[in-house]
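The values are calculated or read from the model by the stated rules, or taken from the named source; none is laboratory data. This is a predicted model, so every value here is computed, not measured. Cβ coordinates were reconstructed from backbone atoms using ideal geometry, including for glycine residues, and neighbour counts include every protein chain displayed. Just the protein is used for accessible areas: all its heavy atoms, side chains included, with ligands, DNA and RNA removed. Shrake-Rupley method; radii C 1.70, N 1.55, O 1.52, S 1.80 Å.
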Amino acid sequence: MSESLPPTRRQARDDPADRAAATPAAEPSPIVPVLRPGNAQWIGTRPEQQDAFAFEGCDARGVTASSTVLVVLADGMGGLQAGREASRLAVTTFRSSFAARPPERPVAEALDTALQAANRAVHALARTTAGEGEVGTTLVAAAVCEARLFWVGVGDSRLYLYRGADRSLTPCTEDHNLARELQAQVDVGALDPAAVAEHPDRNALTSFLGLAEVPLVDRNRRPLTLHTGDRLLLCSDGVDGVLDRAALAAPLAGDPQAAADALIAALRASGQAHQDNATVAVLACELATALEVASVPLRRSRRPRVIAVSLMLGLVLVLGAGAAAWFGLDWWQARSDARQTASTSPIAPQPDEVGSVEAGAPEESGAVPPEPMPSDPSGVVPPPVEPGRDAPAASDAPVATLPESE
């Protein structure tokens, strides 16, 4: 009969199941969005680029784990004056207003406030230039806060949601143009569908920034939740007005920057005779735990480090040059004194003493001993002519600069 283990030995046994039961379950790490942006632009066949865009909360090209990210895109009204200035002013004003929001303000309210600020700015531009109604821009903006999507839009610039799970592409915004109003009449049977396609003003905007009051605003009040593999596509009408839904969705599953470049490449390949300005902005959503995000090193600018190292190097060069000049002057002065003493002595100096170096002074490798200096008949030796050994001035250290994309 086998003998049972002593109690003390049983207590000392390390059972993984016992450890798991005794250890309290750790709270799950919160899920946070990791957004990877991409963007591309093309002027098309137009004389100037009247599209503008910006990111807030992340770089235009890079990886970010910010809790709130904004992307805004505007298309200046091509047939009107100051379209280029209007789109850039709208984007800049919208971005700065949203960035200044208090943390406690809801994202939807911050988008509305930013839209009103942008409209006031463009309206003021219109009044000081061509007049109200003659200067304007579209605008669409998407904000992602903790994997929740909010948007606001005016005009016909589009926001699409690409779902990675089924690779579907769904428009989030509706166009504010005459074609939409005509289509409403088609839907009730009051207008022939061919009349919409043939109408010369079908693309005329019915709502845009630059008026005293914005007639129509497209927005969502209940946020949509983003999932891993989802993409946001913001584009001007020079993109979705040319490429169909399948062509827009085709590259979005991959890298966001590669997707943006592929969409512009597809536009170029289409060979449109009257290609409008084209702008694409993409946000790729990848969800991760806060612990995983913290373990990923962030891309930081090395400029402060380069500047600090450069300043230290410059300081060392200046101090080294100053020290070299001081020691050189002291050494030449000592040699001058020694030569004056030797020239007045009744005993001529020996050749090996003329070129001797004072003890403690550094020897110059390969230095040629100087010839004895001639004595003046008056018995005064002229001071030695010091050769040009001025220390070079410390050069300005290079400072790294980083490009900034618009």
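As a fraction of the 1.4 Å probe accessible area of segment 135-231, surface on carbon and sulfur atoms comes out at 48 percent. The GluC sites (Glu not before Pro) of segment 84-133 that DSSP puts in a loop, and whose beta carbon has at most 15 other beta carbons within 10 Å, are GLU104, GLU132. The label-point distance for SER96 and ALA194, in a model that sets each label 7 Å from Cα toward Cβ, rounds to 5.3 nm. Overall, the anisotropy analysis places segment 124-267 in the prolate class: the square-rooted eigenvalues a ≥ b ≥ c of its C-alpha gyration tensor yield a/c not less than 1.5, with a/b exceeding b/c. Computed on segment 84-191, the Cα convex hull volume stands at 141 Å³ per residue. All other residues whose Cβ lies under 10 angstrom from that of GLU174 are scored, Lys and Arg at +1 and Asp and Glu at -1, for a net of -1. Entry comment: accessible area of segment 78-135 is 50 Å² per residue, from protein heavy atoms only and a probe of 1.4 Å. For segment 88-171, relative contact order (Cα pairs under 8 Å, six or more residues apart, normalised by length) works out to 22 percent. Residues whose amide H falls under 5 Å from that of GLY164, counting only those 5 or more places apart or on a different chain, are ASP230, ARG231, with hydrogens built in the peptide plane.
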